[in-house]
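The values are calculated or read from the model by the stated rules, or taken from the named source; none is laboratory data. Since the model is a prediction, treat every value here as computed from it, not as a measurement. Glycine gets a Cβ as well: all are built from the backbone with ideal geometry, and neighbour counts include every protein chain shown.
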Amino acid sequence: MSITSKQKHWLAVLVIMIALFSSHSAVADNLVGASRAALQQLVTQNPAAAKCKSKAVAVLVFPKVVKAGLVIGAQTGEGILLERGRVIGRYRTVAASYGLQAGVQEYGYALFLMNQKAVDWVNNTRGWEIGTGPSVVIVDKGMARSFSTDTLHSGIYAFTFDQRGLMAGLGLQGSKIIRID
């Protein structure tokens, strides 16, 4: 399927919007504070996330991800990797999509790295895509109700939070994560 000039125009607008949103968060230089606050709010409001945090070796938190699309979509955000409360690195998440979609949405997500192998994977790859590498379990509201520390068998657990805006569909599969420092 070819992209029309009108779709190319909208794609350019979306890329500019996302660049403005992401540069604003970088200029604010409050990424560490925002990441810590988002993680604290998540574990306070979600018992399954609290259970994951208690067993996790590290947590990669993206407090603000902006997703926009009109047939062609893109998303981006920055986050912090925390290991035992210490900042280990800064990361960016990006994704592009094509299909039936329209709108703008903001949300956050946290990846709980449950073992050293998952932490090593995140630290040693030059960008990785969710869905490749260690197994990632996306914890939705239904799964969270039956979640216990006995069921923690995956390398990485993902939780989304603070969804705002209007955009059909939210998925982490295909999101690429790149270390930026």
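Observations on the structure shown:
- Residues of the range 39-65 satisfying the condition of being part of a helix (DSSP H, G or I), of a type in the set (S, T, N, Q) and farther than 19 Å from residue 155 by Cα: 40, 41, 44, 45
- Single unsatisfied condition, residue 65 versus (1) at pLDDT below 95; (2) surrounded by fewer than 18 Cβ atoms within 10 Å (Cβ to Cβ); (3) out of contact with any helix residue (DSSP H, G or I) (no Cβ under 8 Å at 6 or more places or on another chain): (2)
- Restricting the range 114-135 to residues that are under 13 Å from the mean Cα position of the chain (by Cα) and closer than 15 Å to residue 79 by Cβ, the residue that is modelled with the highest pLDDT is 128.
- Residues located in the range 80-123, provided they are closer than 21 Å to residue 181 by Cβ, crowded, with 20+ Cβ neighbours inside 10 Å and touching a Gly at 6+ places or on another chain (Cβ under 9 Å): 80, 81, 91, 93, 95, 108, 109, 110, 111, 113, 118, 122
- Flag for residue 82 being within 19 Å of residue 32 (Cα to Cα) and among the hydrophobic types (A, V, I, L, M, F, W, C): yes
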